[in-house]
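First comes the structure, then the notes that go with it.
Just so it is clear, none of the values below were taken in a lab; they were calculated from the coordinates. Model, not experiment: these values are computed from the prediction. Quick reminder, even Gly has a Cβ in these numbers, built from the backbone with ideal geometry, and neighbours come from all protein chains shown.
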Amino acid sequence: MDCRIDPSCEVKNFNEVDLDSGAIVTFTGNTRSQTKVGESIDYLVLERHPTLTLQSMQDISTTASNRFNVSGIRVIHRYGRIKPHETIVFVAVASAHRREAFEAADYLMDRLKTDAVFWKREEGSFGSRWIDTTERDVLDRERW
Amino acid sequence: MTSILFYGKISDRFGDTLDVNLPQNSLSVGELRNFLSANYQFNEILDLTVRVTKNDEFVLETEMLQSSDVVSFLSPFSGG
């Protein structure tokens, strides 16, 4: 099954769901082609838990919905083996005004980067290497 | 025989699943860690940042486990 994310299609669909929103903010995250030290990556591999991963994403979305004055949220996240340059995550937020939409999207991504139940590995000629949450990700998460 | 599941880096040692014969019908999470460490030379399992779920619910070290429970060890999440 092809589970790739088509961001332009997702944006179009999201816009059609809530036509009365004054603001739509979307974020598209793509896989990089190199490690932090410049090695080429063949695949980014995301492992997930059969129940806790979806539950964690639902919890994050619910918290964002309660915290910010938004009218709609959509979060899509891939797992498995993902090639460089492919979209790995898509977030969309609808709100009456732009500030809430920007903040909610920012919040969602900071939480997804630290609290979503995934385990990441990068694969390449160097072998396979687990990726930990970065200090920057933790600091971003602590802003909220 | 009880199947113990591993997620993330902790799966490097035995893969996703390890089938074990527990020494008793009921033991705590802490006792299970010590059992795996002692009998499988699996010292990484003693790292308390590796969290444990019982039937998909996070549990404390004192939680008692039965052989019929689904027990998982989860390395710290990488996030998405």
Exercise. Roughly how tilted is helix B:29-40, in degrees to the nearest 10 and between 0 and 90, from the longest Cα axis of chain B?
Worked result: 90
Seminar exercise, completed: Residue by residue through the range B:3-8, the couplings from Karplus 6.51 cos²θ - 1.76 cosθ + 1.60 with θ = phi - 60°, in Hz, x for Gly and Pro, are 8, 10, 9, 10, 10, x
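Report, please, the projected area of the protein assembly as shown averaged over directions, based on the convex hull of its C-alpha atoms, in nm².
Value for the protein assembly as shown: 14.2 nm².
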Seminar exercise, completed: Residues of the range B:49-65 with backbone N under 17 Å of the label point set 7 Å from the Cα of residue B:25 along Cα→Cβ are B:64-65
Seminar exercise, completed: For the range A:104-143, the Kirkwood Rh over every pair of distinct alpha carbons, in Å, works out to 11.3
Problem set entry | From phi via Karplus (6.51, -1.76, 1.60), per-residue ³J(HN,Hα) for the range A:126-131 in Hz, x at Gly/Pro | 7, x, 10, 9, 5, 10
Seminar exercise, completed: Computed about the Cα centre, the charge dipole of the range A:10-144 from +1 Lys/Arg and -1 Asp/Glu charges at the Cβ has a magnitude in debye, to the nearest 20, of 180
For this session: Name the residues whose placed amide hydrogens come within less than 5 Å of the amide hydrogen of residue B:4, ignoring near sequence neighbours (fewer than 5 apart) on the same chain.
Result: B:18, B:19, B:20
Problem set entry | Using θ = phi - 60° and Karplus 6.51 cos²θ - 1.76 cosθ + 1.60, couplings along the range B:9-19 (whole Hz; Gly, Pro as x) | 4, 5, 7, 4, 6, 10, x, 6, 9, 10, 8
Exercise. Sequence-distant or interchain residues sharing an amide H contact under 5 Å with residue B:42, placed H: which?
Worked result: B:37
Seminar exercise, completed: Share of Cα-Cα pairs in the range A:69-116 beyond 14 Å, whole percent, is 54
For this session: Amide H neighbours of residue A:32 under 5 Å, at least 5 residues apart or on other chains, H built in the peptide plane: list them.
Result: A:85
Exercise. Taking the Cα centre of the range B:2-74 as origin and charging only Cβ (+1 Lys, Arg; -1 Asp, Glu), how large is the dipole, in debye to the nearest 20?
Worked result: 120
Problem set entry | Two-decimal Rg/Rh across the range A:7-134, once Rg and the Kirkwood Rh are taken from alpha-carbon atoms | 1.02
Exercise. Quick one: which of A:64-71, A:85-92, A:30-37 comes out on top by average Cβ neighbours within 10 Å, and what's the full order, highest first?
Worked result: A:85-92, A:64-71, A:30-37
For this session: Can you tell me the 0 to 90 degree angle between the C-alpha axis of helix A:52-67 and the longest principal axis of chain A, rounded to 10?
Result: 30
Problem set entry | Ellipticity estimate at 222 nm from DSSP helix runs (n ≥ 4, -39,500 (n - 2.57)) divided over the protein assembly as shown, nearest 500 | -9000 deg cm²/dmol
Seminar exercise, completed: Tilt, helix A:98-115 to longest principal axis of chain A (alpha-carbon atoms), in degrees rounded to tens, equals 30
Problem set entry | Over the range B:2-74 - Rg/Rh using Cα atoms and the Kirkwood inverse-distance radius | 0.90
Problem set entry | Spin-label model distance (nm) - residue A:3 vs residue A:96, 7 Å beyond Cα toward Cβ | 3.8
Problem set entry | Computed magnitude of the charge dipole of the range A:28-93 (debye, nearest 20; Cβ of K, R +1, Cβ of D, E -1) | 100
